[in-house]
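Structure, as structure tokens:
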Amino acid sequence: MSNRQNPNDPDSLSLKPGGTASGNKPDFSNVKSSVRSTEAEAAKPDFSNVQSSVRSTEATVGETGYTVQEGDTLSHIAKAHYGKASQWRRIFDANRDQLDDPDRIKPGQVLKIPAAPSEN
């Protein structure tokens, strides 16, 4: 084997300048790399003014609101809106999210009043 590095003889190659293969593994600890693109850097999108909202797809056509007054009952409210006190359950069912008991409505509560049933 010769001291010159020969590309056709892997045993004669060394990574050290002027050296020869010595049986030691090459030292790559000081190797550094980097990657750069020739592409122009793209501007990052600005989402600072994004707003969102959520709406129900349930139809609320004809629905109105009513603020409960002192002395009101669902029957009185139903009579005023539908003409029949017996329609109180429509109002109760539409407001299950805030009413557990039809006899416990409070002044200041805003109740949803569904549209009157259509007469066929």
How far is it, in nm, from the label point at K25 to the one at A85 when both lie 7 Å from their Cα along the line to the Cβ? 9.4
Below 20 Å, Cα to Cα, which lysines can K32 reach? Residues fewer than 8 away in the same chain don't count. K16
Between T38 and K106, what length comes free when the chain is fully extended (0.36 nm per residue of separation minus the Cα-Cα distance, one decimal in nm)? 17.5 nm
Inter-site label distance for D46 and T67 at 7 Å from Cα along Cβ, in nm: 4.1
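Quick note: the coordinates plus some simple rules give every number you see, no bench work behind them. It should be emphasised that the depicted structure is a prediction, and the values quoted were computed from it without experimental measurement. Cβ sites come from the backbone with ideal geometry, for glycine too, and all protein chains shown count toward neighbours.
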